[in-house]
Structures are given as structure tokens and as C-alpha cells.
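Quick note: the coordinates plus some simple rules give every number you see, no bench work behind them. As the structure is a prediction and not an experimental result, all values here were calculated from the model. All Cβ positions, even for glycine, are placed from backbone atoms using ideal geometry, and neighbour counts span all protein chains on display.
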Amino acid sequence: MTLLALGINHKTAPVNIREKVAFAPDKMEGALQDLLNSTAVNEAAIVSTCNRTELYVGLNDDDTNSIVSWLGDYHQLSHDELSPYVYTHLDTGAVQHILRVASGLDSLVLGEPQILGQLKDAYHTASHAGTIGQQLNRLFQHTFSVAKQVRTDTAIGSSPVSVAFAAVSLARQIFSDLSQHTALLIGAGETIELVARHLYEQQVPKIIVANRTVERAQLLASQFSGGEAIALADMPAHLREADIIISSTASQLPILGKGTVESALKARKHRPMFMVDIAVPRDIETEVGKLSDIYLYTVDDLHEVIEEGQKSREQAAEQAEEIIENQVEHYMGWLRSLEAVDSSRSFREQIEAVRDEAVQCAHRQLNAGKDPEYVVNELARIMTNKFLHQPTVQMNRAAFDGREELLEAARELFDLKDIDN
């Protein structure tokens, strides 16, 4: 069976193409079963995210065009529309690709961890659909193990490479243990949502979301235990609670001024406040940064942190590639061992047939009154001759043809020692 990884991603296709080949979660099982029914595929799993759609399949042959055609037909795209953006990896290349994907080495953000969860979801969906067989099951289990090893043995995910991650990393530098602090998030867009998730992972016990539209703030805050939603107008009354303030809105004017912050500091008895203004134009007045006990950072400060983090992850990625190279060979070795299992089974069946025939012959001789010692010796002679006949013929033929490599293999296989003449 040929192992194939086929797909498109953020590197090969623009978003208008990626969105056309995305699989809706509620349609995934049906798509998997259709793939097996419509092509020469034995096993299949599909990964579909905003940045990639990939098919991992076991093929009876190496006809990748049939899979490209199926993908196009399923999404009602012509071959010419789809094929320029498709990449394919076979066997060893397919194993290396999925290991790199799971480890975050093929992601838009180097080392991001979300893709591993998405691969696990794809595996569970395919398992439920009944489209995972022995080889893909082993491949996905091996992939999850390798991704964990990469996370454990390298710093691929520890350095900040996004604005949200960098903001939370700076907060940890100021407060060390975030589990004892309250965060106030101003805005409810995508960046603030990512900030909230990073803070929640750091066990921040209370996250207050302030937004112009309270309903949007409630939608975000409700995702986290200890989450609370307020209107922007109510923010001054809650500011004194916050140790961490991170703001990212689309306002054209500052939302948080020096006077409001001064009042909050007095109420806090000048306990320090950490602030990150991600917005452009800025949400927090510049003068706020001049106040004592205020640590104010802007998006430009974060970019320096991100650049350092990117360099750190690139170094870690080199270590990850070495791990993956070794683990690809580990899986391919297991795959090759399957062929040995089939060969061993066939050899055993052949030998057992010879044994059964010789034993039946011995029983007939005993029943006919032959001497038991003679029967035993004859049984041993017959079995020895039959076991040795075909290997001996093949080794003689190999010697005649000059096939020294086959003779060396026979010596290793049968553990033959050189005999000194």
C-alpha cells in the first residue's frame, strides 16, 4: 500500500482557494466514506483548517491524480482550478510531512500548538467514520508521540511569536505568577480573544472584558471561568481591580486617560499595574506611561519581543527537524516489518504443511507395524530433506549466477558460520 499526503495550505494557495476546498465538520464523515467508495483508497483521514486542507490516505497504487480529481469533484472545482495549488508526498515524504505539521514546523506561526489538536480531531473523526486502518492508526499515534517529544525536548513553543503571546509573556516577566492577578481586557476582537486564552492557560483567576458592545464582551467572557463582561463606560469603576490591562480596539481616540489611571492607582494604594496597548491608533494616552507604578508597553515594544522569539523558535526548529528525521525512519521501519510478517506467516504455513505431511506418513508406517525407531529416524530424514531442499537449490543457483549478495543474506538469515577447510 502506498501512503499519500495530499493537500493545499497557506503556502501554496490563497484564501479564496483554501475556503473552496474546506470540509465542514458535519460533512466530514460522509466525505471520508465517499472517498473510500469512489477511489482506490483503503484508509483515509482529512484535516481541514483555515490554513490547510490535507488528505492522508492509503492507496492500492501510486495514482495520486485520482485523489486530486476526487477532491475537485467533491468541491465542484475543475482539475485546472485546483491542481496548481496541490502538493503531494508519498511514503517517507508523507510521514515526514505529517510529523512536521504536527510539530508546528509547517504552520503560519512557527511552532504553534493548535494544529496538533486539529490533527487529533481529524483522527477521531476518521476513526468514528471507520476509515482508519492499521497503517494510518499507527501513523497518527506515532505522530502524536513525536509532536509531544518535540514540545518536550525543544523550545519550539516557548518563545512568543504573536502579539497576544508576547503581551502575556511580558506580564509574566512583571508578575511571575499570574494565578494571583486580575486582568482587564479592553476590546473583544480576535487579538484580545487570543490574549484571553493565553491568560486563562496561565491560570489567571479573573478576566474582565470591556467592550463597546457588551453582548460581544459577554460572548468572549463566558468562555472562561471567572470571566466578566462590562461596558466601556463602566471601565473606570473596575480599573482598580486590574493588575494587567491589555487593550486592542479600533477606536480613533484614546480610551484610557492619565486621570482615570491616577484615580485607580490611589485606590490600589499604588500597587503596580502592567499595561499593553496593542491598538493603532493607541488606546492608552502616552502620559500614562510616565506615572509611577505603571509599566506601559506599546505594540512596537512587542515586536522586539516577537523578533527575539522568532529567532529562538528557528533554532528550536532545527533540533525538531533532527528528531523528525529519526522518527520518520522509525515509522518506515515498522512499515517494512509488516512485509516481513507476511513473509514469516507464509514460510511458517509452508513448513507446517511439510511437517503435517511427514507426520501423517509416520502414523501410517506405525499403523502398518514398522519399527518405531525406524519410523522416527525416517521422519527426521524426510523433514530435514524437505526443509533444506529449496534453500539449497536457491543457494546453488545464486552461486552459479554469481549472486554473492543472496549468499550473504542466506548466511545472515540462517546464522551460518564460516567453516575452515
_At 0.36 nm per residue, and after removing the present C-alpha to C-alpha distance, how many nm does the segment from R381 to T12 gain when stretched out fully?_
126.1 nm
*Of F387, F274, F347, the one that fluctuates the most in a GNM where the chain has Cα springs shorter than 10 Å*: F387
*At a Förster distance of 45 Å, what's the computed FRET efficiency of K20 paired with S179, Cβ-Cβ distance as r, to 0.05?*
0.55
*Just how many % of Cα pairs in region 163-307 lie over 18 Å apart, if you round to the nearest whole percent?*
50 percent
*Binned at 10 Å from 0, what are the whole-percent values of the Cα-Cα distance distribution for region 338-413, short to long?*
17, 33, 29, 16, 5
*Dividing the convex hull volume of the Cα atoms of region 125-174 by its residue count, what figure in Å³ per residue is obtained?*
110 Å³
*Please report, in whole Å, how far the alpha carbons of region 103-220 spread along each principal axis, starting with the longest.*
51, 34, 26
*For the chain, what relative contact order do you get, as a whole percent, if you take Cα pairs closer than 8 Å and at least 6 residues apart?*
12 percent
*Where a ≥ b ≥ c are the square roots of the eigenvalues of the C-alpha gyration tensor, would you call region 1-131 rounded, which needs a/c under 1.5, or, failing that, prolate if a/b is larger than b/c, or oblate?*
rounded
*Going from the alpha-carbon gyration tensor of the chain, what semi-axes, largest first and in whole Å, does one get by taking the root of 5 times each eigenvalue?*
66, 25, 20
*asked:* Cβ neighbours within 10 Å, averaged per peptide: list 281-288, 164-171, 23-30 in order, most packed at the top.
replied: 164-171, 281-288, 23-30
*If one takes the longest principal axis of the Cα atoms in the chain, at what angle in degrees, from 0 to 90 and to the nearest 10, does the Cα axis of helix 163-175 lie?*
70 degrees
*Calculate the spin-label point distance for E339 paired with K370, positioning each point 7 Å from the Cα along the beta-carbon direction, and give it in nanometres.*
4.2 nm
*Express as a percent, rounded to the nearest 5, the fraction of DSSP beta bridges in the chain (both residues included) that run antiparallel.*
45 percent
_Top positive-direction residue, dipole computed over region 2-157 with Cβ charges, set P84, S145, G157_ = G157
_Added length on full extension, which subtracts the Cα-Cα distance from 0.36 nm per residue, T152 to D73_ = 24.3 nm
_Please list, by residue number, everything in region 361-394 whose backbone N is under 20 Å from a paramagnetic label point 7 Å out along Cα→Cβ of E408._
394
*How high is the FRET efficiency between D415 and S66 when r is their beta carbon distance and R₀ equals 41 Å, given to the nearest 0.05?*
0.35
_Calculated FRET value between A267 and S346, using beta carbons and R₀ = 51 Å, to 0.05_ = 0.05
*Which order results if W334, W70 are arranged by neighbouring Cβ count within 10 Å, fewest first?*
W334, W70
_If you only keep lysine pairs separated by 8 or more in sequence, or across chains, how many in the chain come under 20 Å at the Cα atoms?_
8
*Cα-based Rg (one decimal) and Dmax (whole number) for region 243-391, in Å?*
41.1, 116
*Working out 0.36 nm times the residue gap between K311 and R397, then minus their Cα-Cα distance, what length gain in nm do you get to one decimal?*
24.9 nm
_Residue (of M275, S251, L265) at the positive-pole extreme of the chain, dipole from beta-carbon charges_ = L265
*How many percent of all Cα-Cα pairs in region 150-212 sit more than 20 Å apart?*
28 percent
*What do you get for Rg/Rh over region 198-237 if you use C-alpha atoms and the Kirkwood form of Rh?*
0.99
*Around F144, what is the net charge, scoring Lys/Arg as +1 and Asp/Glu as -1 over all other residues with Cβ under 13 Å from its Cβ?*
+3
